[in-house]
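Read the structure below first, then the notes.
The values are calculated or read from the model by the stated rules, or taken from the named source; none is laboratory data. Since the model is a prediction, treat every value here as computed from it, not as a measurement. Quick reminder, even Gly has a Cβ in these numbers, built from the backbone with ideal geometry, and neighbours come from all protein chains shown. We work out accessible area using only protein heavy atoms, side chains counted, and drop any ligands, DNA or RNA first. Shrake-Rupley method; radii C 1.70, N 1.55, O 1.52, S 1.80 Å.
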Amino acid sequence: MLNEMMHRPVVMPELVEYMRTAQAGFPGGVGEIEKFANDNGIPIIPHETAKFIDLFCATIEPRYILEIGTAIGFSASLMAQHLQTEGHLTTIDRYPKMYERAQENFKRLGIEDRVTLLEGDAADILPTLKGSYDLIFMDSAKAKYIDFYPECMRLLRVGGVLIIDDVFQGGTILDDEKDRPKRVRKIHRKLNLLLDTVLNDPDHRSCLVPLGDGLVMVRKEKE
Ligand SMILES: C[S@@+](CC[C@H](N)C(=O)[O-])C[C@H]1O[C@@H](n2cnc3c(N)ncnc32)[C@H](O)[C@@H]1O
């Protein structure tokens, strides 16, 4: 399966190349998972996004992390390296071919006690979860982000941060919906709705970050 957005970066190609080569790879098992995924076309966050998340986690020192969209466990393993004592990461995926490999990777890295993989659709699982998380990383079906957003904000602690991946769709979110192919109009509409909702939400602080296919970050400012 190809992550086509990895090949549709939103900044100059030369800079993308630079961000992917000049920034060192990750040591040990995390680096091995990243390489395996990239060699096999498994969709994971691009290297520049991973470097940002690595630095961000080192800075905020999260104790409780939630991820929506595990794939084979690359971003989960990366974030889990930063868990504080007693910390825990919960990650959700609905696709057995992906999460079975993720589970093997968590074992191989010796982090299976610190990571809980919930198998199923996030639409069913999110309402069953209780807060509160320091960091939520949402990297799943893009058309569902707008439905998952209120659940994520419910589950974050005040001061916690939600990072949502792939919000620019290679820049096409700026196009008129009628100019987009019919098969992508729903994603187009729902991502625009998500961005309007997040960026105009007076209750929380947000920021767009043009890494990979675009991130939007939201800091929960109040209950
Ligand atoms: C881009 S991949 C995640 C990559 C991963 N975050 C990484 O960087 O290592 C997206 C994953 O989300 C999962 N997914 C998509 N929609 C989902 C949903 N509604 N519930 C649970 N998992 C979902 C897919 O099965 C896929 O494995």
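What the table shows:
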| read-out | value |
| --- | --- |
| Extension gain (nm, one decimal) between residue 154 and residue 197, 0.36 nm per residue minus Cα-Cα | 14.0 nm |
| Accessible area, probe 1.4 Å, largest first, for residues 14, 223 | 223, 14 |
| Residue-level accessible surface for residue 35, protein heavy atoms, 1.4 Å, Å² | 120 |
| The range 74-134: GluC sites (Glu not before Pro) in DSSP coil with no more than 15 other Cβ atoms inside 10 Å | 86, 112 |
| Extension reserve of the residue 58-residue 177 stretch, reckoned as 0.36 nm per residue once the Cα distance is removed | 38.9 nm |
| Cα-based equivalent ellipsoid of the chain: semi-axis lengths in Å, sorted from largest, via gyration tensor | 25, 22, 17 |
| Length released on extending from residue 36 to residue 128, taking residue separation times 0.36 nm less the Cα-Cα span | 29.8 nm |
| Residues of type lysines that residue 97 reaches as a straight line, Cα spacing below 22 Å, ignoring anything fewer than 8 places off in the same chain | 35, 107, 142, 144 |
| Dipole moment magnitude, nearest 20 debye, the chain about Cα centre, only Lys, Arg, Asp, Glu C-beta charged | 380 |
| Rounded FRET efficiency, nearest 0.05, which uses the C-beta distance separating residue 14 from residue 221 and R0 of 41 Å | 0.65 |
